[in-house]
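Structure first, commentary second.
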Amino acid sequence: MTDLRFAGIGMTSARTRDRLVQRLREQGITNLAVLERMRNVPRHIFVDEALSSRAYEDTALPIGFGQTISQPYIVARMTEALLEYGPVDKVLEVGTGCGYQTAVLAPLVGRLYTVERIAPLVERAKARAKELDLRNVRFKHGDGHLGWKAVAPFDGILVAAAPLTVPEALLKQLRVGGRLIVPVGPEGQQELIRFTRREQKIDRVSLGPVSFVPLLGGIA
Ligand code: SAH
């Protein structure tokens with residue numbers, strides 16, 4: 001049963017996933033390890049069964065609590081941006097959501113720490129990670145504005161919701177050479193930014209316009 005659920009049939013089958021990967025390539029994703037994860041992670045198990053036939057469309061889908069599972073292209077783009085300069089060991093993800101991005105990322109990094117502010121989503125993401133046997137992930141129910149001080153510094157930080165300005169704590173929790181990939185700005189005017197921490201300064205590169213849900217304060 002479990003194997004069949006992961007493998008998928010019809011609109012969730014291997015062929016449907018191949019088409020998604022083909023589209024991602026056409027959109028400019030080149031990192032082969034990332035494309036392989038996009039092919040192998042069963043996105044349909046992260047959404048409600050009623051939506052599973054749409055799981056491999058390149059679109060965000062509702063996951064409850066007013067939140068969405070990220071669009072596959074965005075997951076691939078952010079993961080590629082994080083890995084652009086080579087392997088990263090310790091990574092923080094802010095905005096676990098249903099845990100789809102977590103599942104794509106986990107085997108590509110050493111250790112993955114992920115923070116989500118909505119408690120039931122944390123539990124759901126944990127369950128999916130267990131099903132997929134992801135062993136290098138630690139989950140936390142908390143406000144991602146604060147990062148995860150106890151296990152900092154990180155080689156990489158990836159933020160899946162948009163703050164108006166970059167939270168200071170996240171920049172502080174980057175080690176030298178580490179990078180932070182974060183969408184910044186109000187709805188309709190967000191840019192994906194890659195910050196890289198240097199000895200004396202922080203470099204900032206724009207990776208283009210994006211559309212994310214807002215990074216909210218506090219926990220729920
Ligand atoms: N990448 C996720 C989807 C992210 S949607 C996936 O693949 O499913 C953005 C998520 O960020 C939502 O689940 C939202 O609850 C969470 N979020 C928003 N503000 C947050 C904050 N301050 N701290 C932690 N998580 C936050």
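Coordinate-derived values only; no laboratory data. No experiment lies behind these values; they were computed from the predicted model shown. Cβ: placed from backbone, ideal geometry, glycine included. Neighbour counts: every protein chain shown.
Annotations
- At least 2 residues being near the ligand (Cβ under 10 Å from one of its atoms) and more than 22 Å from Pro209 (Cβ to Cβ) is the threshold, and among the strands (runs of 3 or more DSSP E) wholly inside region 65-127 those reaching it are 111-116.
- Of all residues in region 132-152 being touching a residue at least 40 places away in the same chain (Cβ under 8 Å) and part of a loop (DSSP other than H, G, I, E, B), the one that is surrounded by the most Cβ atoms within 10 Å (Cβ to Cβ): Gly147
- Complete set of residues in region 202-220 that are in a loop (DSSP other than H, G, I, E, B) and hydroxyl-bearing (Ser, Thr, Tyr): Ser211
- Members of region 92-126 found to be under 24 Å from Gly28 (Cα atoms) and of a type in the set (A, V, I, L, M, F, W, C), listed by number: Ala103, Val104, Leu105, Ala106, Leu108, Val109
- Search result, residues across region 39-55 that are touching a residue at least 40 places away in the same chain (Cβ under 8 Å) and over 22 Å from Val122 (Cα atoms): Ser53, Arg54
- Just one of the numbered conditions (1) within 13 Å of the ligand (Cβ to nearest atom); (2) within 21 Å of Asp58 (Cα to Cα); (3) not hydrophobic (A, V, I, L, M, F, W, C) is not true of Glu187: (1).
- Taking the criterion of being assigned to a loop (DSSP other than H, G, I, E, B) and within 20 Å of Glu84 (Cα to Cα), the residues of region 166-198 that qualify are Gln173, Arg198.
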